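Each value in this text was obtained by applying a stated rule to the coordinates, not by laboratory testing. What you are looking at is a predicted structure, and each value in this text was computed from that prediction instead of being measured. Using ideal geometry, Cβ is built from the backbone for each residue, glycine included, and neighbour counts are taken over all protein chains shown.
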Amino acid sequence: MRATPRVMTTRQTSAPSHHGHSKAQCIKVLRRLSAYLDEDLSVSICEEIRKHLGACPNCEVFVTSLRETISLCRCADIPSLSPSVKARIRREILKAVRYH
Ligand SMILES: [Zn+2]
């Protein structure tokens, strides 16, 4: 059996990248933000998100607006959010995913 190289192509023909990385990467990060609300993020994932935000104006603007509500990527110190606040943030994230 011949080994087929499994190269993940980041090339997307539909939407040209406007900030140096693929839209899929943004969506992945935003989804993780959503998971963050459930205290589901490890330190390494926070690192990944922060790295992405440094390279992605779109996501950075979005997260900056959220940061007032959630202390993003403090990891150790997540404020307790009421279910309604969580729901609101989640809606914001979904909206941002759609805009991306
Ligand atoms: Zn992004």
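Once both labels are positioned 7 Å from their Cα atoms along Cα-to-Cβ, the gap between Ala24 and Leu94 label points is 2.4 nm.
Taking a straight line from the alpha carbon of Lys86, these lysines sit under 16 Å away, with near neighbours fewer than eight places off in the same chain left out: Lys95.
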